[in-house]
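Notes to accompany the following structure.
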Amino acid sequence: MAEIRVEKLHKAFGEFVAVRESDFTVADGEFFVMLGPSGCGKTTTLRMIAGLELPTSGRILLGGEDVTFNRAAARDIAFVFQLFALYPHMNVRQNIGFPLKCEGMPRAEIRARVEETARFLRIDHLLSQPTSRLAGGDRQRVALGRAIVRRPKAFLMDEPLGTLDTEFRDLMVRELRELHMRIAATTVYVTHDQLEAMSMADKIAVMNRGDIEQFGTPQEIYDRPATMFVADFIGSPPMNFLAFRGSVEPGAASVGINGAIVDIPAPREARPEGDLALGVRPEHVRFDDGSKLRGTVFGTEYLGTTQIVTVTTAHGTVKARLPADIRAEAGETVGLSLRSERLTLFDGGSGRAIRTAQNEGTHHG
Amino acid sequence: MSKTTAHSVVAPTPTARRVSGAIVILYALITMIPLAWIVMTSFKTPPDSIAYPPKVLFEPSLEGYCNLFTTRSRQTPEYLESLPAPEPGCDAIVRSRNMVIAGPSNVIPRFTNSIIIAFGSTFLAVFLGTITAYAFSRFKVPFADDILFFILSTRFMPPIAVAIPIFLMYRAIGLSDTHLGMILLYTAVNVSLAVWLLKGFIDEIPREYEEAAMIDGYSRLHAFVKVVLPQAATGIAATAIFCLIFAWNEYAFAVLLTSGTAQTMPPFIPFIIGEGGQDWPAVAAATTLFLIPIFVFTILLRKHLLRGITFGAVRK
């Protein structure tokens, strides 16, 4: 196992920049997730780490060794593809043993290693089956088996749960996490599914249009988004933004939104008068008749223990996650109070979070 | 009360099934008639073969096959008298026509030529076609579309349109009437078809398979052999059959460019001359034997062929 370091990694296809000057380090044994919408460059980054794509510039270090221009075969990594890429003309045993055969390992040893791996993944009863007859989850396990049988330096996974149905996916998320705990392999995992990312990752990099918008633990990403893109991409429903004009002084205790004074975490930097946005997660919004921040209830979505109430305000739509027993009728005017210490201020122009007491130390990409 | 049975809107009704079955069988029978006639003629005696009205029932004879494989000379009755009694088989059949076997005919070398040239050119065309199609499918080839169109354009005109230039060229460089010359010619004609057919098949093989193999430590060539080829087997088989059928049956170039050492069966068969006219049973016998290799080859690959010629229609 090894640490993966990516330095100033850049990939352009002609005019189009797929990955822009990426920098990140995946520590040894870490489960690292690259998260982003399709076309954000996450798969390209992964393929460059794997050696399936050559970077335009930058370096990739695997366990301290510069492998930027090494052939894929020479990197000693394993890759799990979205469609698993199980060889259809081989059975499960041959599929798992395929990487070992390449190393020229003696047959008896391959047999032993394949069986050990299969037992580990609880697919030893499937060894003689053709891969075409396997169920989705079992295919996934065979693909994992082919990856771990070689004991590579790192695992790279490209949306490996993308084609599974929801039920299987939850199961596989648990299994993958459990597998990671048992073998503690450095893993780079690409997905567009925030739930997968949040539930499995030690560290997440949120990518957008070739840039890493934020790098951090799931908690950091959720609680202290570095940009409006991250805040909007993570969370269901995503963070609310209240747009307003104003200025920010370091150490100020509140901002005024159209006469309503909202307490905020103390800013650590100044912003002259301009477009700002106040970001608030739905669970940090409460009804408060005394508040001057008012809006009209647009509708409610009942979710069992909670409900999502959509409120239209002069500053944009706000979704509030409230206990299910609070009554909210459509058309009703309500006051909203926001949980001050969990608010994030964004610069409306750049979309970047303004540094405050709440989000100090957050890493931009 | 009438009894109605529910039946599926997509499954054919029993009547439809019977009618379509009958049509298929009828069509098969009609197309089989000339073939059956050829095989029947090969077992007739020369007089039976040209009898009018045509004989459907006849006494089978191996005379056609005997004549095909031998050259014979007519002898005087006195000479024939002086010979020891004929051995049963061809010797006896020939003797009954007042002739003796003078030696073997050219059919075996011609048949061998056909096999060498047809299979040789098929192998070359499929081999070149596979690697070319792979390159077009997987790599960024500059002007790929134009080059592919150019490759296809070699099929726009009938090959025979370039027969005279090729004839002159082959004579100048000494490829006339050589195995190599014919193999190269048929390969050149077939390779465009092979590239286009195989590109379709290889495009359908997800490149993740090779990528997985390459990450697992294989070189691209190795991954190609171990992973791509087995999955392209269907396409390769279908392509090989198409190429073989062309090379095996090709007549025009063979007539023009071969006369002796490299002559193939198609130009040889029509020139099987009997005594006092075309020896139809021998011609039919040659044709029957000529059909066998391609028949066997197709039967061997028929599983692939069925999936191959309907490629794209069904997703795996």
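Values in this text are rule-based calculations from the coordinates and carry no lab data. Quick caveat, the model's predicted, so the values are computed rather than measured. Reconstructed Cβ throughout: ideal geometry from the backbone, glycine too, with neighbour counts over all protein chains shown.
Data for the structure
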quantity	calculated
Taking the C-alpha atoms of chain A, convex hull volume expressed per residue in Å³	156
³J(HN,Hα), Karplus 6.51/-1.76/1.60, whole Hz, each residue of region B:92-109, x for Gly, Pro	5, 4, 5, 4, 5, 9, 6, 10, 10, 6, 8, x, x, 8, 7, 4, 5, x
Where labels lie 7 Å past Cα in the beta-carbon direction, separation of residue A:249 and residue A:128 in nm	8.2
For residues of A:52-59, the mean tally of beta carbons on other chains within 10 Å	1
Folded to 0 to 90 degrees: helix A:166-183 orientation relative to chain A principal axis, Cα	70
Inter-centroid distance (Cα atoms) of region A:111-154 relative to region B:128-179, Å	46
Vicinal HN-Hα couplings computed from phi for region B:18-29 (Karplus, 6.51 cos²θ - 1.76 cosθ + 1.60; Hz; Gly/Pro x)	5, 5, 5, x, 5, 4, 4, 5, 4, 4, 4, 4
Percent of Cα-Cα distances greater than 34 Å, calculated over chain B	45
Two-site FRET efficiency, residue A:111 against residue B:225, from Cβ-Cβ distance with R₀ of 25 Å, rounded to 0.05	0.60
Separation of alpha-carbon centers, region A:191-259 and region A:67-100, rounded to whole Å	36
Integer Hz, Karplus 6.51/-1.76/1.60 couplings in order for region B:154-163, x for Gly and Pro	5, 9, 5, 9, x, x, 5, 4, 9, 4
Radius 13 Å from Cβ of residue A:253, net charge of other residues (Lys, Arg +1; Asp, Glu -1)	-3
Computed magnitude of the charge dipole of chain A (debye, nearest 20; Cβ of K, R +1, Cβ of D, E -1)	1080
Folded to 0 to 90 degrees: helix A:107-120 orientation relative to chain A principal axis, Cα	30
Distance between region A:289-365 and region B:68-95 - C-alpha centres, whole angstrom	111
Computed magnitude of the charge dipole of region A:228-364 (debye, nearest 20; Cβ of K, R +1, Cβ of D, E -1)	100
Average partner coverage of A:69-80, which counts Cβ from other chains inside 10 Å	4
Restricting region A:260-339 to trypsin sites (Lys or Arg not before Pro) in coil, as DSSP defines it, with at most 14 other Cβ within 10 Å	A:327, A:339
Tilt relative to chain A, helix A:92-102 - C-alpha long axis, 0 to 90 degrees, to 10	80
D (Stokes-Einstein, µm²/s), Kirkwood Cα radius, region B:46-105, 1.567 mPa s at 4 °C	102
Cut-off under 5 Å, modelled amide H: who pairs with residue A:355 long-range	A:268, A:269
Evaluated over the protein assembly as shown, the Cα radius of gyration and Dmax, each in Å	38.5, 138
Mean Cα-pair separation over length for chain A, i.e. relative contact order, pairs under 8 Å, 6 or more apart, %	16
Cys with no candidate disulfide partner in chain B (beta-carbon separation under 4.7 Å rule)	B:243
